[in-house]
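Read through the structure below, which is laid out as structure tokens, and then see the notes.
Every number in this text was worked out from the coordinates using simple rules, so none of it is lab data. This is a predicted model, so every value here is computed, not measured. Every residue, glycine as well, gets a Cβ built from its backbone with ideal geometry; the counts of neighbours run over all protein chains shown.
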Amino acid sequence: MPNNTSKTGVRESSDIESDAHLPTESGNFRIAVTSDENGMEHSLLYTEGFTKSDNPLIRIHSECLTGDAFGSLKCDCGAQLKKSMQLIQQEGAGAIVYLRQEGRGIGLESKIKAYALQDEGYDTLDANLALGLPADARDYKIAADMLKSKGIKRVRLMTNNPLKINGLRKNGIIVTDRISHISGMCKSNIEYLKTKKTRMGHLLEID
């Protein structure tokens, strides 16, 4: 395994550090993990056919503890993650880049503070801004680097967020197709989704 640590102890690249088989309810995957320059660990969940494809199906998914682990209905994250795992298994050649960028990059504690403001009537955008935080602080360089580390240069991206497309393209990944990825819409998160469409530019086919 290459040593990508500088004299200061900070990792200088996003080369894959570990890789193993991972059976799941959706099917068999492999999981690879790497650390960014801040020591945050990110994962690549992929099928056996992923590295053999010249244009695999990809989902970039930002960590959402409340949605992914606890099944929160305040967002659509958990449903999107589950659906993307199922679709990639059906495809046979794809991957999920799972980024540790909770709450659109503001962190779990700040996200819960934003939730408290949403309980008072703020929308998901204004809640972040009221806390003095950016609407979206995510960076997709690590995602592009992880894909490139597996030899991937072109992808079909499952997303409703143009920032993810631009983030990959900015960092050297060609996005050939955008595939709409709507899942988990319900009464509890419809206003959240409408805000993402009308105020954050997400490409959502909702009224």
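Distance between the pseudo-spin-label points of Leu73 and Glu25 (7 Å out from Cα toward the beta carbon): 1.7 nm.
Charge dipole of segment 24-68 (Cα centre as origin; +1 on each Lys and Arg Cβ, -1 on each Asp and Glu Cβ, all else neutral): 220 debye, rounded to the nearest 20.
Coupling constants for segment 35-52 follow from the phi torsions by the Karplus curve (6.51 cos²θ - 1.76 cosθ + 1.60, θ = phi - 60°), and in residue order they are 10, 8, 5, 9, x, 7, 8, 10, 10, 10, 9, 9, 8, 4, x, 4, 6, 8 Hz; glycine and proline get x.
Taking all Cα-Cα distances within the chain, those exceeding 30 Å account for 21%. Over the residues of the chain, the helix contribution to mean residue ellipticity at 222 nm works out to -9500 deg cm²/dmol, using -39500 (n - 2.57) for each DSSP H run of at least 4.
Compare Asn38, Asn166, Asn28 in a GNM of the chain, Cα atoms joined below 10 Å, and give the one with the largest fluctuation. Comparing Asn38, Asn166, Asn28 in a Gaussian network model of the chain, the most mobile one is Asn38.
Within segment 75-91, what residues put their amide N at less than 20 Å from the label point 7 Å along the Cα-to-Cβ vector of Arg199? Zone members listed by number: 75-77.
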